[in-house]
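First up is the structure itself, then whatever we jot down about it.
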Amino acid sequence: MAGGSVTTAPPGLLGSLLIVVLLAVGSLFLLSGTIGLLRLPNVYNRLHATSKATTLGAASMALAAWVYFGPAGSGLKALVTIAFLFVTAPTGGHMISRAAERMGVDFEPGVSWPGEEEGRGEAGRNSD
């Protein structure tokens, strides 16, 4: 191939059905994450909804790309994308949660950080 372009064969009926299912599942996860972002009361709940649901939704869509493109070329990029998502999303969520805690964003009433007494509030938090 002089042009350097690689063509892939169409995925066939079973592959097409799998792609449609993965895209539908990914869309539902992304939709639920978006609804959670808009409807939940505070940063911690919103963070939980978006980090879990959008990671699974985007990974499902990338997996659909892998099924479509195959194990080489763009399909390999889709697999790397999935690995990157599963490594970085929990780390980013943890960092945002810790930053919100250090800024003094409170939990729902009656909830506290692990190892912290209930009701201590802002005075009992670390200031580093």
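Computed extension length for Leu40-Leu14: 5.5 nm, one decimal, from 0.36 nm per residue of separation with the Cα-Cα distance subtracted. Between His48 and Lys77, the simple label model (points 7 Å from Cα in the Cβ direction) yields a spacing of 3.6 nm.
FYI, it's all coordinate maths here, none of it is from the lab. Predicted model, so just to flag it, every value in this text is computed and none were measured. Every residue, glycine as well, gets a Cβ built from its backbone with ideal geometry; the counts of neighbours run over all protein chains shown.
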